[in-house]
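*Asks:* Would you mind keeping the following structure in view while I ask a few things?
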Amino acid sequence: RYSLFYNRLKNIEENEGGLDKFSESYKIFGVNQLLDGGIYCKEWAPGAEAVFLAGDFNGWNPFSHPYKKMEYGKWELFIPPGEDGCSPVPHGSKLKVVIRAQNGDLLYRISPWARYVVRDEDKVNYDWVHWNPPQSYIHKHPSPKRLKSLRIYESHVGIASPEGKVASYKNFTYNVLPRIKDLGYNCVQLMAIMEHAYYASFGYQVTSFFAASSRYGTPDDLKEMIDVAHSMDITVLLDVVHSHASKNSEDGLNKFDGSDSCFFHSGPKGTHQLWDSRLFDYANWEVLRFLLSNLRMWIEDYRFDGFRFDGVTSMLYHHHGIGTGFSGDYHEYFGLHVDEDALCYLMLANHMINFLHPECITIAEDVSGMPALCRPVAEGGGGFDYRLAMAIPDKWIQIIKELKDEDWNMGNIVHTLTNRRYEEKYIAYAESHDQALVGDKTLAFRLMDAEMYTNMSVLSPLTPVIDRGIQLHKMIRLITHALGGESYLNFMGNEFGHPEWLDFPRKGNNESYHYARRQFNLTEDHLLRYRFLNAFDRDMNKLEERFGWLASPQAFVSEKHESNKVIAFERAGLIFIFNFHPYQSYVDYRVVTCHSSLIVIFKYKILLDSDAAEYGGHQRLDHSTEYFSEEYPHNYRPNSLLV
């Protein structure tokens, strides 16, 4: 694998002047404004017989501005400035690349490199709009330093409002970012930013890879949003989709030059069976140029601080993970079923990002457990910084769905939370957007279900279902946060147990926005119990910020007691103790302290208590109590204390 990567990198250096120049192609391809007022256009359309540029600027004459054919399927066009020295293609004017296909058909296409596309309300397809404002947004604040502990708030701009509408970048900037900061998250991961024609795709059917979604506002609005986040020391990651592309041809990449291939594999190999989307040909030189340039554009133009790569499992294997289970045996990760070209692209992408922007972070969404995916490229690894611990939310769902409380297996919980590849960093999460979507259930909804509609008011009795749900919601999130990885992720709204599910407007729900929103207002109503969960999530993050357990070595688990239903472990100098027993409390319960000194007595105090009144608990613990370690062997350790 490293040999393949090295050869590709060497070819880029010999033929393109280096990875730096190769990935800077976003400044050349598409339609670009020159300093003298002229316009330079460049496209890659290997299957085209001829290429033209048409738009408002030439009265939509499809033949007045022909491109010149170059080597390797490239085409270029230079349009001189007007007599007044102004651009011949004004800012805001609509454009199309006109392709004469090999069968003689004229195809009106959006450039794959288009920076801004919009859709009029009375139209189905998007239009390409030339974006070249007289004064672009100027970033005022530097990017935050690379974080040791990532506390990620997974977000979708369009649903980030209690109102039933598509919310804006401006709304996120001034209403949501302060909330994220207050909750103690230091990183926001933005979904559905790359333009996608179908809103209900959650942003995963991308049509224009270089365009920020116009349904939320302008490119400058997004730049301002990122700049304001940086002013709050919040790192901003982009959920990037390079695993596949929408099948749209009128306003997407599909059949751009009239052929079945171009950016994609031809035939069945170029189509994803389940997603009904097109699959990139990662061995193609121009596809590598396109994707690497795409990453660089988002970093350098918008100032994103890194990426969460979606669908990595689909990229890594020719079977795309369809109908395949992964046990962890190494034969599953090495063989002809692995797409080495896709893996090589990921290595190139991470190498480029680390070389040009070492402060940036990359995350892999891989369910297969590919070994060394998060080890340096120089070791033959994939080069990612983190991978998602995707087994953890599945485990919590399985436990809650299938087991009675008294049948919960403490050892199985600990195993799932600690089972990760040595020296590869994992992002732990109890639930993400996947569990919030219609057809699935969030943890809160699984725990409390219909009673969330009637018994979340403090004026109503605290029923056993609501009481159990609130307490387990806090405990599950804390043990996942503290034991499950080297970073933590939460999907917006789930921190306070957002009721119901997430469903975008579509024909099946009469185009309703009722479920495509986040009811942040629920946490501000002091008569509702959502505020308890919100406060606990905030204080949990603030405690991690203070002690940094995510950046500390993996926890030492001193107890996983099946009959007592107790889990105890130490990490970052803190002792975490969880009592998952459905009805049994304990007095003078002995737990290990990992301090090895037999002479010094250590004093402990409660820092965070899920049973505290401000978190909707029962106040059964006295926070003024001091706990002292003693030389009393317990669980094969010399020191312990009673709690």
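*Asks:* Scan the helices (runs of 4 or more DSSP H) fully inside segment 383-445 and keep the ones with 2 or more residues being among the aliphatic types (A, V, I, L, M) and under 30 Å from residue 372 (Cα atoms). Before the answer, list the steps.
*Replies:* Numbers: elements: 391-402, 410-418, 433-436.
So the answer is 391-402, 410-418.
*Asks:* Could we say that residue 195 is under 17 Å from the mean Cα position of the chain (by Cα), within 27 Å of residue 75 (Cβ to Cβ) and touching a residue at least 60 places away in the same chain (Cβ under 8 Å) here?
*Replies:* The answer is yes for residue 195.
*Asks:* Which condition breaks for residue 425 when tested against (1) under 27 Å from residue 496 (Cα atoms); (2) open to solvent by less than 40 Å² (accessible area, probe 1.4 Å)?
*Replies:* (2)
*Asks:* Out of (1) over 22 Å from residue 286 (Cα atoms); (2) open to solvent by 80 Å² or more (accessible area, probe 1.4 Å); (3) touching a Lys or Arg at 6+ places or on another chain (Cβ under 7 Å), what's the single condition that is false for residue 54?
*Replies:* With respect to (1) over 22 Å from residue 286 (Cα atoms); (2) open to solvent by 80 Å² or more (accessible area, probe 1.4 Å); (3) touching a Lys or Arg at 6+ places or on another chain (Cβ under 7 Å), residue 54 is out only on (2).
*Asks:* Within segment 515-526, is there a residue that is within 25 Å of residue 184 (Cα to Cα) and touching a strand residue (DSSP E or B) at 6+ places or on another chain (Cβ under 6 Å)?
*Replies:* Within segment 515-526 (the criterion being within 25 Å of residue 184 (Cα to Cα) and touching a strand residue (DSSP E or B) at 6+ places or on another chain (Cβ under 6 Å)), the answer is yes, since at least one residue qualifies.
*Asks:* Starting from residues that are closer than 20 Å to residue 293 by Cα and in contact with a helix residue (DSSP H, G or I) (Cβ under 9 Å, 6 or more places away or on another chain), keep the ones in segment 227-252 and report whichever is surrounded by the most Cβ atoms within 10 Å (Cβ to Cβ).
*Replies:* My answer is 242.
*Asks:* Yes or no: segment 357-377 includes at least one residue that is of a type in the set (Lys, Arg), touching a Leu at 6+ places or on another chain (Cβ under 7 Å) and modelled with pLDDT of 95 or more. If you could, list the steps in order and put the result at the bottom.
*Replies:* Looking only at segment 357-377, we keep the residues that are of a type in the set (Lys, Arg), and these are 375.
Next, only the ones that are touching a Leu at 6+ places or on another chain (Cβ under 7 Å) stay: none.
No; the residues of segment 357-377 include none that is of a type in the set (Lys, Arg), touching a Leu at 6+ places or on another chain (Cβ under 7 Å) and modelled with pLDDT of 95 or more.
Matching residues to (1) without any contact (Cβ under 8 Å) to a residue 24 or more places away in the chain; (2) closer than 16 Å to residue 414 by Cα; (3) surrounded by 14 or more Cβ atoms within 10 Å (Cβ to Cβ):
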residue	(1), (2), (3)
535	no, no, yes
539	no, no, yes
544	no, no, yes
562	no, yes, no
567	no, yes, yes
589	no, no, yes
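*Asks:* Can you go through 624, 610 and tell me which one is open to solvent by 60 Å² or more (accessible area, probe 1.4 Å) and either assigned to a loop (DSSP other than H, G, I, E, B) or among the aromatic types (Phe, Trp, Tyr) (or both)?
*Replies:* Of 624, 610, the one residue that is open to solvent by 60 Å² or more (accessible area, probe 1.4 Å) and either assigned to a loop (DSSP other than H, G, I, E, B) or among the aromatic types (Phe, Trp, Tyr) (or both) is 624.
*Asks:* Which of the residues belonging to segment 301-347 are more than 20 Å from the chain's Cα centre (by Cα) and of a type in the set (A, V, I, L, M, F, W, C)?
*Replies:* If we filter segment 301-347 for residues that are more than 20 Å from the chain's Cα centre (by Cα), which is where we start, we get 317-319, 322-341, 344.
Answer for segment 301-347, where residues must be more than 20 Å from the chain's Cα centre (by Cα) and of a type in the set (A, V, I, L, M, F, W, C): 322, 326, 334, 336, 338, 344.
*Asks:* From the residues in segment 199-221 that are assigned to a loop (DSSP other than H, G, I, E, B) and of a type outside the set (A, V, I, L, M, F, W, C), which one is surrounded by the most Cβ atoms within 10 Å (Cβ to Cβ)?
*Replies:* If we take residues in segment 199-221 being assigned to a loop (DSSP other than H, G, I, E, B) and of a type outside the set (A, V, I, L, M, F, W, C), then 207 is surrounded by the most Cβ atoms within 10 Å (Cβ to Cβ).
*Asks:* For segment 453-465, how many residues meet the condition of being closer than 23 Å to residue 581 by Cα and surrounded by 15 or more Cβ atoms within 10 Å (Cβ to Cβ)?
*Replies:* 1
*Asks:* Another question, if that's okay. For segment 70-102, how many residues are in contact with a strand residue (DSSP E or B) (Cβ under 6 Å, 6 or more places away or on another chain) and open to solvent by 80 Å² or more (accessible area, probe 1.4 Å)?
*Replies:* Going through segment 70-102 one residue at a time, the tally reaches 3.
*Asks:* Please determine, by comparing only the residues of segment 59-69 that are outside any strand (DSSP E or B), touching a strand residue (DSSP E or B) at 6+ places or on another chain (Cβ under 9 Å) and not hydroxyl-bearing (Ser, Thr, Tyr), which one is surrounded by the most Cβ atoms within 10 Å (Cβ to Cβ).
*Replies:* Selected residue: 65.
*Asks:* Go through segment 125-135 residue by residue and tally those that are in a loop (DSSP other than H, G, I, E, B) and surrounded by 10 or more Cβ atoms within 10 Å (Cβ to Cβ).
*Replies:* 6
*Asks:* Tell me whether segment 185-192 contains one or more residues that are within 23 Å of residue 515 (Cα to Cα), in contact with an Asp or Glu (Cβ under 7 Å, 6 or more places away or on another chain), among the aliphatic types (A, V, I, L, M) and at pLDDT 95 or above.
*Replies:* yes
*Asks:* Can you name the condition, by its number, that residue 597 falls short on among (1) open to solvent by less than 30 Å² (accessible area, probe 1.4 Å); (2) at pLDDT below 95?
*Replies:* Status for residue 597: all satisfied but (1).
*Asks:* Any idea which of 551, 572, 555 is more than 23 Å from residue 472 (Cβ to Cβ) and touching a helix residue (DSSP H, G or I) at 6+ places or on another chain (Cβ under 6 Å)?
*Replies:* None of the others qualify; the one that does is 572.
*Asks:* Could you say which residue among 436, 516, 450 is farther than 25 Å from residue 582 by Cα and either open to solvent by 10 Å² or more (accessible area, probe 1.4 Å) or out of contact with any helix residue (DSSP H, G or I) (no Cβ under 6 Å at 6 or more places or on another chain) (or both)?
*Replies:* On the way: 516 fails: either open to solvent by 10 Å² or more (accessible area, probe 1.4 Å) or out of contact with any helix residue (DSSP H, G or I) (no Cβ under 6 Å at 6 or more places or on another chain) (or both); 450 fails: farther than 25 Å from residue 582 by Cα.
Within the list 436, 516, 450, the selection yields 436.
*Asks:* Among the residues of segment 507-523, is there at least one that is under 27 Å from the mean Cα position of the chain (by Cα), charged (D, E, K, R) and at positive phi?
*Replies:* Yes, segment 507-523 contains at least one residue that is under 27 Å from the mean Cα position of the chain (by Cα), charged (D, E, K, R) and at positive phi.
*Asks:* For the subset of segment 457-494 comprising residues that are more than 17 Å from the chain's Cα centre (by Cα) and not in a helix (DSSP H, G or I), which member is nearest to residue 188 (Cα to Cα)?
*Replies:* Filtering first and then ranking leaves 484.
*Asks:* Okay, moving on. When the residues of segment 227-266 are narrowed to those that are in a strand (DSSP E or B) and in contact (Cβ under 8 Å) with a residue 24 or more places away in the chain, which ends up nearest to residue 129 (Cα to Cα)?
*Replies:* Across segment 227-266, the extreme among qualifying residues is 245.
*Asks:* Among what's in segment 509-539 and is among the aliphatic types (A, V, I, L, M) and in contact with a Gly (Cβ under 8 Å, 6 or more places away or on another chain), pick the residue that is farthest from residue 453 (Cα to Cα).
*Replies:* In this case the residue turns out to be 516.
*Asks:* Now, a different point. Mind counting the residues in segment 466-499 that are open to solvent by 10 Å² or more (accessible area, probe 1.4 Å) and either within 13 Å of residue 164 (Cβ to Cβ) or not charged (D, E, K, R) (or both)?
*Replies:* Here the count works out to 5.
*Asks:* Is it the case that segment 18-28 has a residue that's of a type in the set (Lys, Arg), open to solvent by 10 Å² or more (accessible area, probe 1.4 Å), in a helix (DSSP H, G or I) and touching a helix residue (DSSP H, G or I) at 6+ places or on another chain (Cβ under 7 Å)?
*Replies:* Scanning segment 18-28 turns up no residue that is of a type in the set (Lys, Arg), open to solvent by 10 Å² or more (accessible area, probe 1.4 Å), in a helix (DSSP H, G or I) and touching a helix residue (DSSP H, G or I) at 6+ places or on another chain (Cβ under 7 Å).
*Asks:* Sticking with this one: Out of the residues in segment 169-198 meeting the condition of being open to solvent by 10 Å² or more (accessible area, probe 1.4 Å) and in a helix (DSSP H, G or I), tell me which one is nearest to residue 536 (Cα to Cα).
*Replies:* So, considering only residues that are open to solvent by 10 Å² or more (accessible area, probe 1.4 Å) and in a helix (DSSP H, G or I), the one nearest to residue 536 (Cα to Cα) is 182.
*Asks:* Filter segment 627-643 down to the residues that are in a loop (DSSP other than H, G, I, E, B) and more than 13 Å from residue 609 (Cβ to Cβ), then identify the one that is most open to solvent (accessible area, probe 1.4 Å).
*Replies:* So the residue we want is 636.
*Asks:* Additional query: Just need a number here: residues in segment 267-300 that are touching a residue at least 40 places away in the same chain (Cβ under 8 Å), hydroxyl-bearing (Ser, Thr, Tyr) and more than 19 Å from residue 208 (Cβ to Cβ).
*Replies:* Going through segment 267-300 one residue at a time, the tally reaches 1.
The values are calculated or read from the model by the stated rules, or taken from the named source; none is laboratory data. Just so we're clear, the structure is a prediction, and the values are computed from it rather than from any experiment. Here Cβ is always computed from backbone atoms with ideal geometry, including for glycine, and neighbour counts include all displayed protein chains. Surface accessibility is based on the protein's heavy atoms, side chains included, excluding ligands, DNA and RNA. Shrake-Rupley method; radii C 1.70, N 1.55, O 1.52, S 1.80 Å.
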